[in-house]
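> Quick one: this structure, given as structure tokens, is what I'll be asking you about.
The values are calculated or read from the model by the stated rules, or taken from the named source; none is laboratory data. Bear in mind the structure is a predicted one, so any value in this text is a computation, not a measurement. With ideal geometry, Cβ positions are generated from the backbone for all residues, glycine too; neighbour counts draw on all protein chains shown. Quick note on the areas: whole protein, heavy atoms, side chains included, nothing else; ligands and nucleic acids left out. Shrake-Rupley method; radii C 1.70, N 1.55, O 1.52, S 1.80 Å.
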Amino acid sequence: EMDTVYNSQSGPYIQTFIFENTCFMIGILHKDKTADSMSKTLDNFQDILSDEEYKQLFSLLLTDRGTEFGKPQQFEINIETGEIRSKIFYCDPLQSSQKPHVENNHNFIREILPNGQDWSNLTQDKLNLMFSHINSIPRESLGGKTPYEVFTFIYGRKLADKLNIQEIAKDEVTSTPRLLKQLN
């Protein structure tokens, strides 16, 4: 599932992905909320992941009908090779419940980046740290395991490293605004 989180219409914007089977979530920082910007994320993932890894994670995308996802060909086709890389599906209008995993996991983001907070100092490194903490929180739905543990069990630690997500010791996890404030 893919979505966007933001506090202001002027940005910055966080493009989020969650892999349903693991609750593992990643986020990519954007200055623009456009299909051109958001689809480039997939170009970048194709550059850093093997073909097999890309297919495992991004062959199927479920998202809403936001304008930032409004050019399906840019998400589905690799512009350089012309090859189909992903299939994108859209929820029905006003039915965010059709992508509940990403919507529910946005609550973790909002605990660290509350509504109304200034995001002008956000960097990709800060987002990677935030998502590392989020992915290190045990989940009841995963039998008390963390998304990081389940993701690395299925896909391997090397793939988590390529996505810039690290395991945080359970007693060091921070899910409050304090996490990123200490980095300013």
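> With springs only between Cα atoms under 10 Å apart, run a GNM on the chain and tell me which of Glu83, Glu68, Glu53 wobbles the most.
In the Gaussian network model the winner is Glu83.
> How many Å² of accessible area per residue for region 1-160, probe 1.4 Å? Provide the component values of the computation, followed by the final result.
Numbers: 7980 Å² over 160 residues.
Using a 1.4 Å probe on heavy atoms only, each residue of region 1-160 averages 50 Å².
> Roughly to the nearest percent, how much of the accessible area of the chain is carbon and sulfur, given a 1.4 Å probe? Before the final figure, lay out each step's value.
Numbers: 4630 of 9620 Å².
Exposed carbon and sulfur together represent 48 percent of the surface.
> Please sort by residue number the trypsin sites (Lys or Arg not before Pro) in region 18-98 whose DSSP state is loop and whose Cβ has at most 11 other Cβ atoms within 10 Å.
On the way: sites: Lys31, Lys33, Lys40, Lys55, Arg65, Arg85, Lys87; in loops: Lys31, Lys33, Arg65, Arg85.
When the trypsin sites (Lys or Arg not before Pro) of region 18-98 are filtered for loop state and at most 11 Cβ neighbours within 10 Å, Lys31 remain.
> I want to verify a result. In a Gaussian network model of the chain, Cα cutoff 10 Å, which of these has the top mean-square fluctuation: Glu140, Glu20, Glu167?
Highest fluctuation of the listed residues: Glu140.
> Rounded to two decimals, what is the ratio between the C-alpha radius of gyration of region 96-184 and 2.2 N^0.38 Å?
Values: Rg = 13.5 Å, N = 89, 2.2 N^0.38 = 12.1 Å.
Cα Rg divided by the expected 2.2 N^0.38 Å: 1.11.
> What is the distance in Å between the Cα centres of region 1-73 and region 119-182?
Taking the Cα centre of each part, region 1-73 and region 119-182 sit 17 Å apart.
> Tell me which label goes with the value of log10 I(q)/I(0) by the Debye sum over Cα atoms at q = 0.08, 0.11, 0.12, 0.13 Å⁻¹ computed from the coordinates here: (1) -0.32, -0.56, -0.64, -0.73; (2) -0.57, -0.83, -0.88, -0.91; (3) -0.24, -0.46, -0.55, -0.66.
For log10 I(q)/I(0) by the Debye sum over Cα atoms at q = 0.08, 0.11, 0.12, 0.13 Å⁻¹, the calculated option is (3).
> With each pseudo-label sitting 7 Å past Cα toward Cβ, what's the Lys87-Thr67 distance in nm, one decimal?
For the pair Lys87/Thr67, the computed spacing is 3.0 nm.
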